[in-house]
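Step one of this worksheet: look at the structure below.
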Amino acid sequence: MSSPDEWTHPVPGEGPPATAAAPTAERVIAGLRATSEGGEDLVQLLTPEGERVPNERFDRYIADVTDEDIRGLYRDMVLVRRADRESNALQRQGQLGIWVPLLGQEAAQIGVGRAMRHTDMAFPSYREHGVAWCKGITPQQLLGIFRGTDNGGWDSAATRFHPYTIVIGNQVLNAAGYAMGQRFEGKVGDDSDGTAEATVCFFGDGATSQGDVHEGFVWASVYDAPLVFFCQNNQWAISEPTERQSRLPLYQRARGYGFPGIRVDGNDVLATLAVSRWALDECRHGNGPILIEAFTYRMDAHTTTDDPTRYRLSDEVETWKLKDPLERVRVHLIRHEMADDAFFEQVQAESDQMAAELRDYCFNMPDPPVRQMFDNVYSEPHPYLEAQRDEYVDYVAGFAGGEH
């Protein structure tokens, strides 16, 4: 990526035009080493060194966060990362068809996930394992998608977490329609009793080049939908850098649609929590939509079918390791004597246990019954579909090892 100074021009016409050309190696390194990571407009409450940064606008949104809460955020990130690493290893062992790594984006997802109420609806893409965790969905429930045994092992109505969307950007239209429904049904405006609702839609920087995303922006804007567009800008849309996606920082695109945009340090769980709470509060009171650009970095491959060494420099990855979202919270906890060795040992033991249970579950996952493919095609029973199901089940039963 290039230096923020080279491509951040808040007012059109000021300064040299942004470039869409591929950055040179020197520009990539220069941008990463810039003291103002993400530009001057970046909201950061916790530096990579674990120092707390006062913020007049957003401090009040985490004023109630206790030491125990911060320890909880750290635990969330450790467990989510461990589940991600274990699932990545399971794919390499042939247990999963594919895996979509989360490594490096834990703070962005845990921050917004813990900012959401149970009644808030989430529309994920295919990398939101951390948000799923916050919504009460276990890592085991995610595995079926990547093993090819189901389309999502959870009840999306009960968890308020929509099934993963593989088609890039398509979930934005679904989220816009759902949020419009929340407004039409009067679930926004008065939040005095804490029952107002909002929706959060997740997508990456590459998805912002999809037409579905822009259509979602238009519909949400003109209907004042209570929708938080949460863009995780991890710098790479598979093999294409952000410079080839936009001439302006992504959060500034919101202005063209008539709603606010903001950039937050996506490796800072406190800043993401605060900004997400603000955005959700605005939406619940009828002041949406809002675009959040979580400025973060994908430390691993796009998926397990990708080889990131072919398109990005090792120096880039090494530099971002110094901004690790887990490490900055750990250092903050130690520096302010908010956690002792026993706490970190407990979290490590918990992550080891979870990894063992995840491995055991994956190795022993049963094959789905053939009739399962006919389930949930229609919301109500359909005689023609039932006839096709019964015919196919009888056909399979005629083979050795077939099921009835």
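We did not get these values from a lab; they are worked out from the coordinates using the rules stated. As the structure is a computational prediction, the values presented were derived from the model and not from experiment. Quick reminder, even Gly has a Cβ in these numbers, built from the backbone with ideal geometry, and neighbours come from all protein chains shown.
If I stretch the segment between residue 93 and residue 47 completely, what's the gain in nm (0.36 nm per residue apart, minus their alpha carbon distance), one decimal?
Values: separation 46, 0.36 × 46 = 16.56 nm, distance 3.71 nm.
Once the chain is fully extended between residue 93 and residue 47, it gains 12.9 nm.
Which FRET efficiency value, to the nearest 0.05, do you get for residue 40 and residue 363 by plugging their Cβ-Cβ distance into 1/(1 + (r/R0)^6) with R0 = 51 Å? After rounding to 0.05, the efficiency reads 0.55.
Counting GluC sites (Glu not before Pro) as exposed when in a DSSP loop with at most 14 other beta carbons within 10 Å, what is the longest stretch of the chain free of them?
That gives 186-336 as the longest site-free run.
Overall form of segment 336-401: oblate. Here a/c, set by the Cα gyration tensor axes a ≥ b ≥ c, is 1.5 or more, and a/b is not larger than b/c.
Of all DSSP-defined beta bridges confined to segment 4-363, some 10% are antiparallel rather than parallel. Of the trypsin sites (Lys or Arg not before Pro) in segment 65-168, not one is in a loop by DSSP (not H, G, I, E or B) with at most 12 other beta carbons within 10 Å. Taking 0.36 nm per residue of separation and subtracting the Cα-Cα distance, full extension of the segment from residue 396 to residue 103 would add 101.3 nm.
For the pair residue 63 and residue 313, what calculated FRET efficiency results from E = 1/(1 + (r/R0)^6), where r is the Cβ-Cβ distance and R0 = 56 Å, to the nearest 0.05? Kindly include the intermediate steps, with their values, before the conclusion.
Values: r = 41 Å, r/R0 = 0.73.
Efficiency, from the Cβ-Cβ distance: 0.85.
Cβ-Cβ distance of residue 377 and residue 336, R₀ of 45 Å, FRET efficiency by 1/(1 + (r/R0)^6): the value works out to about 0.25.
Other residues lying with their Cβ under 12 Å from the Cβ of residue 348 contribute a combined charge of 0, Lys and Arg counting +1, Asp and Glu -1. Using the rule -39500 (n - 2.57) for each DSSP H run of four or more residues, divided by the residues of the chain, the 222 nm mean residue ellipticity is -13000 deg cm²/dmol. When the square roots of the Cα gyration tensor eigenvalues are ordered a ≥ b ≥ c, the ratio a/c for segment 4-363 is under 1.5, which makes its shape rounded.
Quick one: grab the alpha carbon gyration tensor of segment 269-364, order the square roots of its eigenvalues as a ≥ b ≥ c, and give me rounded if a/c is under 1.5, else prolate or oblate depending on whether a/b is larger than b/c. The shape class here is rounded. In this simple spin-label approximation, residue 56 and residue 244 carry label points 7 Å from Cα along the Cα→Cβ vector, and these lie 4.2 nm apart.
In the elastic network of the chain, a GNM with C-alpha springs shorter than 10 Å, the most mobile of 131, 112, 347 is 347.
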